[in-house]
Amino acid sequence: MEYLKILDMFLYAIPSLIVGLIAFYFFKEHTKNEEGRRRFILQKDLKVNALPIRLQAYERMAIFCERIRPSKLLTRVNPSTSDKESYESLIIATIEQEFEHNMSQQIYLSDDCWNIITAAKNATIQLIRKAGLLEKVNSANKLREVVLTEMMEKIPPSDAALSYIKKEVSEMW
């Protein structure tokens, strides 16, 4: 008889357990969906707030690429003396100073973009150093002349970086 009472209690408890398990499952799924929805809203808000900052970083690096373009750099930075070594150092220091001024922008750019910009800076410096090593370059004005004529024949390294910046910005939309 006691066995039947236990069996009856168990049979009455089974529907309660099933309802409890179903309620637990639905509650768990509901909280999981709510958490995902909140995370999505947070990410959406972060993107809305971060997009102008990222675009500003790309703009600043585009300006940097324009400013280190040899044709613009050499017309902006005039030699103070006729010594080619001091002018070469002045140009390189100007490039480095521009780069250091914009160094914080790397946290908003992709690693590939930052590496291409850095490579463009280094290639521009290398181009100026190579021109300074030529025997026909004996003064600051001759250095300017050689670099400018060489750039008429070649595409400046900063153009590749600028193209990559444009490509990345177009992919953001």
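The values are calculated or read from the model by the stated rules, or taken from the named source; none is laboratory data. As the structure is a computational prediction, the values presented were derived from the model and not from experiment. Virtual Cβ from ideal backbone geometry, glycine too; neighbours counted across all protein chains shown.
Considering the stretch 152-173 alone, what residues qualify as being farther than 26 Å from Ser110 by Cβ and either crowded, with 20+ Cβ neighbours inside 10 Å or at pLDDT 90 or above (or both)?
Selection gives nothing.
For Lys121, all conditions in the list (1) at pLDDT below 95; (2) within 23 Å of Glu59 (Cα to Cα) hold save one; what is the number of the exception?
(1)
Find the residue count for the stretch 135-169, including only residues that are part of a loop (DSSP other than H, G, I, E, B) and under 17 Å from Cys65 (Cβ atoms). Please lay out each step first, then the result.
Here is the first cut: in the stretch 135-169, the ones part of a loop (DSSP other than H, G, I, E, B) are 135-139, 154-156.
Then drop every residue that is not under 17 Å from Cys65 (Cβ atoms), which leaves 154-156.
Residues meeting the conditions: 3.
Within the bounds of the stretch 105-122, is there any residue that is aromatic (Phe, Trp, Tyr), outside any helix (DSSP H, G or I) and loosely packed, with under 14 Cβ neighbours inside 10 Å?
Checking the stretch 105-122: not a single residue is aromatic (Phe, Trp, Tyr), outside any helix (DSSP H, G or I) and loosely packed, with under 14 Cβ neighbours inside 10 Å.
So in the stretch 52-102, with the set limited to residues that are among the small types (Gly, Ala, Ser) and closer than 12 Å to Ser158 by Cα, which one is nearest to the chain's Cα centre (by Cα)?
Of everything passing the filter in the stretch 52-102, Ala62 is nearest to the chain's Cα centre (by Cα).
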